[in-house]
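Following: one structure in structure tokens, then a few remarks.
Throughout, read-outs are computed from the coordinates displayed, never taken from laboratory work. Everything numeric in this text was worked out from a predicted model, so none of it was measured. Every residue, glycine as well, gets a Cβ built from its backbone with ideal geometry; the counts of neighbours run over all protein chains shown.
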Amino acid sequence: MNDTITPQDKEQLKSAVSNEVIIEMETVNKWYGDFHVLKDINLVVHEGERIVICGPSGSGKSTLIRCLNHLEEHQEGNIIVDGITLDKNLKNIDHIRTEVGMVFQNFNLFPHLSILDNLTLGPILTRKMPRLEAEAEAMKYLERVKIPEQADKFPGQLSGGQQQRVAIARSLCMNPKIMLFDEPTSALDPEMIKEVLDVMIELADTGMTMIVVTHEMAFAETVADRVIFMDKGEIVEENEPKKFFNDPQHERTKLFLSQIL
Ligand code: ADP
Ligand code: MG
């Protein structure tokens, strides 16, 4: 994987981070019933920043990123995304969902729609884009993820890696400012992981703000500006990748890294 990217590329990637804050979580708490799933989460993300979140299963990683596009509601604290405060009174959920794209572990494509229709549905319905324009845009993104020839097929006819690239292209069709990825490669056979990570690296290179839940540590080392480690609903530790991997501070982080590296 590291051969896909040179140290110079990495410097270029680094410089894409701006001073503009695009996501802010202030002392966010969330419960599922009695279960305290997010505990005093504080997180500031700048435009163009690429963040990797890792941590044991059940630590709250998915819940955290799902709160950012309001797939889940938090009960305490503030979440502000691109200047919009996410709360119960949020009027324009569609607006947030177009700003914040999300890619899931299991692709979540519509099985009964062709690849092209999967990509054009959102722009036509929520952006009121004319079909021909939406299709032209969709083809542009399918070329970007290197599978334009699959446009007329159905999701079930594609490999997992291809389906996940379609899912990324589908999100990009909405022209989001932020992309969230929830373990995008963990349902894939090993030989397909790289083709998806390569697409994500290229996306990072465009300056997209990205939050990626993953245990692909080579990806984190190459692409992330910051790695966040969560355990039991808390952010235990965060640091730039080099320091995070070479000199973890907390016992829980050390234990986790010893199990996955
Ligand atoms: P992770 O992504 O780190 O594995 P999750 O955010 O999915 O963690 O889940 C954190 C904890 O919250 C887990 O113990 C999980 O069982 C629980 N949980 C997740 N979603 C729900 C839900 N909708 N209702 C109740 N409990 C949930
Ligand atoms: Mg999860």
Name the single residue, out of those in the range 94-113 being touching a Pro at 6+ places or on another chain (Cβ under 6 Å) and farther than 15 Å from Ile65 by Cβ, that is surrounded by the fewest Cβ atoms within 10 Å (Cβ to Cβ). Pro111
Would a scan of the range 219-239 turn up a residue that is within 16 Å of Arg50 (Cβ to Cβ), buried (at least 20 other Cβ atoms within 10 Å of the Cβ) and free of Cβ contacts under 8 Å to residues at least 40 places away in the same chain? no
Subset of the range 65-112, residues in contact (Cβ under 8 Å) with a residue 60 or more places away in the chain and farther than 25 Å from Gly160 by Cα, comes to Leu68, Val81, Asp82, Glu99
Condition first: within 29 Å of Glu24 (Cβ to Cβ), within 16 Å of ligand 2 (Cβ to nearest atom) and either out of contact with any Leu (no Cβ under 7 Å at 6 or more places or on another chain) or of a type in the set (Asp, Glu) (or both). Now tell me which residues in the range 133-187 satisfy that. Phe181, Asp182, Glu183, Pro184, Ser186
Checked Asp40, Asp34 against criteria (farther than 30 Å from Met139 by Cβ, in contact with a strand residue (DSSP E or B) (Cβ under 6 Å, 6 or more places away or on another chain) and within 16 Å of ligand 1 (Cβ to nearest atom)); the one match is Asp40
On the given criteria, is Leu257 surrounded by fewer than 18 Cβ atoms within 10 Å (Cβ to Cβ), in contact with a strand residue (DSSP E or B) (Cβ under 9 Å, 6 or more places away or on another chain), assigned to a helix (DSSP H, G or I) and touching a residue at least 12 places away in the same chain (Cβ under 8 Å)? yes
Can we say Ala187 is in contact (Cβ under 8 Å) with a residue 60 or more places away in the chain, in contact with a Lys or Arg (Cβ under 6 Å, 6 or more places away or on another chain) and over 18 Å from Gln150 (Cβ atoms)? no
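With Thr63, Thr27 as the choices, which residue is of a type in the set (Val, Ile, Thr), within 12 Å of ligand 1 (Cβ to nearest atom), closer than 23 Å to Val227 by Cα and surrounded by fewer than 22 Cβ atoms within 10 Å (Cβ to Cβ)?
Working: Thr27 fails: within 12 Å of ligand 1 (Cβ to nearest atom).
Sole residue among the options that is of a type in the set (Val, Ile, Thr), within 12 Å of ligand 1 (Cβ to nearest atom), closer than 23 Å to Val227 by Cα and surrounded by fewer than 22 Cβ atoms within 10 Å (Cβ to Cβ): Thr63.
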Report yes if some residue within the range 76-93 is in contact with a helix residue (DSSP H, G or I) (Cβ under 7 Å, 6 or more places away or on another chain), assigned to a loop (DSSP other than H, G, I, E, B), under 22 Å from Met200 (Cα atoms) and not charged (D, E, K, R); otherwise report no. no
Kindly evaluate Cys54 against the criterion of being within 17 Å of Lys177 (Cα to Cα), within 16 Å of ligand 2 (Cβ to nearest atom) and either among the aliphatic types (A, V, I, L, M) or in contact (Cβ under 8 Å) with a residue 12 or more places away in the chain (or both). no
